[in-house]
Amino acid sequence: MTADQDPPAAPGGGQPGSPAGPVRLWGGRFGAGPADALARLSVSVQFDWRLAPYDLLASAAHARILHKAGLLDGTELARMLAAIDDLAEACRTGRFRPSASDEDVHTALERGLLERVGSLGGKLRAGRSRNDQVATDLRLYLRDQARTIVSRLAELEDALIGQAQRHAAVPVPGMTHLQHAQPVLLAHQLLAHVQAFARDASRLRDWDRRAAVSPLGAGALAGSSLRIDPDAVAAELGFDSAAENSMDAVSDRDFAAEFCFAAALLGVHLSRLGEEIALWSSQEFGWIEIDDAYATGSSIMPQKKNPDVAELARGKAGRLIGGLTGLLTTLKGLPLSYNRDLQEDKEPVFDAVDTLLAVLPAMAGLVDTLRFHAERLAALAPAGYALATDLAELLVRRGTPFREAHEVVGHLVVWCQVNDCELAEVSDEDLARVSPLLTPDVREVLSVSGAIAARSSRGGTAPSAVAAQLARLQEDVQGQAAWAAS
Ligand code: ARG
């Protein structure tokens with residue numbers, strides 16, 4: 001079942017509740033059908049249809065709870081469950097689709113049920129409302145999608161970790177302000193992205209604990225007098241508990257906003273990686289070659305190879321952030337409890353899910369197939385006097401106050417700039433001329449591998465520290481994948 005089945009046209013009037021005509025859930029109170037303009041404004045089935053499998057799941061659970069409460073007898077329950085099964089199958093195969101007169105997924109499925117079991121279908125309405133139903137469906141849907149997203153995210157993390165492993169000894173110019181700062185291992189930089197993604201995964205897992213509360217049983221807003229058991233239905237649907245407050249259950253969408261935030265921040269993290277890959281692939285950087293399968297050409301310039309995947313990852317962060325801010329704005333100032341404004345909760349979260357599920361596999365493929373120019377990276381790593389800090393720290397170890405050491409090395413850098421050479425190329429005499437502290441043996445620290453190896457404390461860029469970091473991340477990613485499969 002997909003979300004993109006034909007958007008139904010505006011529903012018109014019809015016999016309320018008749019299986020043949022449009023299903024209207026409030027028919028009894030109204031003489032005339034809704035105005036076309038109202039129907040057109042109000043219809044949501046074109047986007048909420050994707051909740052159908054979850055709505056049916058919740059309906060089956062609700063039917064069992066009605067049976068427990070003595071509101072459906074055994075035969076009725078069996079007929080109801082068979083009809084729900086059949087409807088679910090019909091939805092899967094596309095045999096049942098929303099029609100032009102269905103307002104939303106709940107109305108469409110009620111029509112499907114009435115078509116199958118006649119008036120018995122109407123019994124399912126007891127003790128629940130679309131208000132608790134839709135909040136339940138959305139939680140079920142998002143809890144599923146969070147797992148799929150984490151699983152795709154773990155694949156991207158695996159791709160980054162794989163590149164880190166394949167380039168365990170390759171140095172790159174580490175940057176601040178986009179200027180060469182200090183050499184680091186390429187692996188260290190790639191794993192910095194994995195660290196952020198691992199937190200994104202843990203944010204979704206953490207979100208899931210708060211989302212695991214079932215609104216069913218809240219009814220329209222006040223709960224039900226029909227002695228139905230919200231805890232039983234919650235357990236059946238895989239929730240940890242039922243809501244403590246029926247008004248809260250139908251009115252808050254913090255779970256949707258929080259999901260959008262987790263998605264938006266993941267989008268921001270993806271955009272940083274996208275930006276780096278776009279930079280690295282430029283002529284000016286020349287760090288990487290993007291595989292043909294993940295690059296695009298130009299319709300006019302035959303030589304072009306463009307990093308569109310990386311750019312789209314960067315660009316899509318905008319819509320994820322927009323979805324979050326839009327949803328927060330919708331929620332702001334709403335009085336309790338349910339208001340129709342809440343129907344606007346769905347498109348931003350659906351868009352967030354679709355966006356991430358499109359970006360993540362493309363980024364995983366892009367990263368996995370990147371070719372790094374190791375020799376160029378090694379040559380660039382010390383450029384821009386990136387070992388100056390190492391020299392200053394050596395002087396400090398020899399007793400010079402850092403302030404003075406900083407100044408001495410600063411003078412040396414200027415000397416090198418004027419004379420167009422690298423730090424390690426300065427002669428013994430010239431070193432001494434810049435400062436008597438700069439004895440010939442200071443050159444020992446002027447090697448990229450030495451500078452990198454020296455930073456071996458936890459979190460540093462030394463090969464030993466990076467290997468330990470990588471091992472911890474691998475374990476983390478395995479945990480994410482296991483959770484996603486749960
Ligand atoms: N389509 C509606 C939504 O998404 C379902 C709930 C309608 N409830 C109501 N009282 N009109 O919010």
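Can you find, within the range 460-474, the residue that is surrounded by the fewest Cβ atoms within 10 Å (Cβ to Cβ) among those that are touching a helix residue (DSSP H, G or I) at 6+ places or on another chain (Cβ under 6 Å) and not in a helix (DSSP H, G or I)?
So the residue we want is 462.
Please state which one of 362, 313 is surrounded by 15 or more Cβ atoms within 10 Å (Cβ to Cβ), away from the ligand (no atom under 16 Å from the Cβ) and more than 19 Å from residue 262 (Cβ to Cβ).
Working: 313 fails: more than 19 Å from residue 262 (Cβ to Cβ).
The match here is 362.
Considering only the range 379-428, how many residues are polar (S, T, N, Q), surrounded by 14 or more Cβ atoms within 10 Å (Cβ to Cβ) and farther than 16 Å from residue 179 by Cβ?
Of all residues in the range 379-428, those polar (S, T, N, Q) come to 389, 400, 417, 419, 427.
Within this subset, residues satisfying the condition of being surrounded by 14 or more Cβ atoms within 10 Å (Cβ to Cβ) are 389, 400.
With farther than 16 Å from residue 179 by Cβ added as a condition, the list becomes 400.
Residues in the range 379-428 being polar (S, T, N, Q), surrounded by 14 or more Cβ atoms within 10 Å (Cβ to Cβ) and farther than 16 Å from residue 179 by Cβ: 1 in total.
So which of 243, 293 ends up being in contact with a strand residue (DSSP E or B) (Cβ under 9 Å, 6 or more places away or on another chain) and not aromatic (Phe, Trp, Tyr)?
Details: 293 fails: in contact with a strand residue (DSSP E or B) (Cβ under 9 Å, 6 or more places away or on another chain).
Every option except 243 fails the conditions.
Sort through 232, 220, 256 and tell me the only one that's among the hydrophobic types (A, V, I, L, M, F, W, C), farther than 24 Å from residue 149 by Cα and not in a loop (DSSP other than H, G, I, E, B).
Numbers: 220 fails: not in a loop (DSSP other than H, G, I, E, B); 256 fails: farther than 24 Å from residue 149 by Cα.
None of the others qualify; the one that does is 232.
Filter the range 466-486 down to residues that are touching a residue at least 12 places away in the same chain (Cβ under 8 Å) and within 26 Å of residue 173 (Cβ to Cβ), then give me how many there are.
Looking only at that region, the number is 5.
Do the conditions hold for residue 249, that is, is it closer than 30 Å to residue 337 by Cα and under 21 Å from the mean Cα position of the chain (by Cα)? Working first, answer last.
Working: closer than 30 Å to residue 337 by Cα: yes; under 21 Å from the mean Cα position of the chain (by Cα): no.
Taking the combined requirement at face value, the residue does not satisfy it.
For residue 302, indicate whether it is away from the ligand (no atom under 16 Å from the Cβ) and assigned to a loop (DSSP other than H, G, I, E, B).
On the way: away from the ligand (no atom under 16 Å from the Cβ): yes; assigned to a loop (DSSP other than H, G, I, E, B): yes.
Here the answer is yes, as residue 302 does meet what is asked.
From the list 276, 284, 258, exactly one residue is among the acidic types (Asp, Glu) and touching a helix residue (DSSP H, G or I) at 6+ places or on another chain (Cβ under 6 Å). Which is it?
Working: 276 fails: touching a helix residue (DSSP H, G or I) at 6+ places or on another chain (Cβ under 6 Å); 284 fails: touching a helix residue (DSSP H, G or I) at 6+ places or on another chain (Cβ under 6 Å).
Selected residue: 258, the only one of 276, 284, 258 that is among the acidic types (Asp, Glu) and touching a helix residue (DSSP H, G or I) at 6+ places or on another chain (Cβ under 6 Å).
Kindly indicate whether residue 477 is exposed (fewer than 15 other Cβ atoms within 10 Å of the Cβ), assigned to a helix (DSSP H, G or I) and among the β-branched types (Val, Ile, Thr).
Numbers: exposed (fewer than 15 other Cβ atoms within 10 Å of the Cβ): no; assigned to a helix (DSSP H, G or I): yes; among the β-branched types (Val, Ile, Thr): yes.
In short, no.
Of all residues in the range 321-348, count the ones that are in a helix (DSSP H, G or I) and either near the ligand (Cβ under 9 Å from one of its atoms) or more than 22 Å from residue 245 (Cβ to Cβ) (or both). Working first, answer last.
Our first condition is that a residue be in a helix (DSSP H, G or I); within the range 321-348, this holds for 321-331, 340-348.
Among the residues that remain, those that are also either near the ligand (Cβ under 9 Å from one of its atoms) or more than 22 Å from residue 245 (Cβ to Cβ) (or both) are: 321-326, 329, 340-348.
Qualifying residue count, the range 321-348: 16.
Please tell me if residue 457 is of a type in the set (Ser, Thr, Tyr), touching a helix residue (DSSP H, G or I) at 6+ places or on another chain (Cβ under 9 Å) and within 30 Å of residue 155 (Cα to Cα).
Details: of a type in the set (Ser, Thr, Tyr): yes; touching a helix residue (DSSP H, G or I) at 6+ places or on another chain (Cβ under 9 Å): yes; within 30 Å of residue 155 (Cα to Cα): yes.
When the stated conditions are applied, residue 457 passes them.
Does residue 218 satisfy the criteria of being within 30 Å of residue 126 (Cβ to Cβ) and surrounded by 16 or more Cβ atoms within 10 Å (Cβ to Cβ)? Break it down stepwise before answering.
Values: within 30 Å of residue 126 (Cβ to Cβ): yes; surrounded by 16 or more Cβ atoms within 10 Å (Cβ to Cβ): yes.
Considered against the rule, which asks whether it is within 30 Å of residue 126 (Cβ to Cβ) and surrounded by 16 or more Cβ atoms within 10 Å (Cβ to Cβ), residue 218 comes out as yes.
Read-outs throughout are calculated quantities, based only on the coordinates presented, and are distinct from any laboratory measurement. Please read these numbers as outputs of a predicted model, since none were measured by experiment. Glycine also receives a Cβ, built like all others from the backbone with ideal geometry; neighbour counts cover every protein chain displayed.
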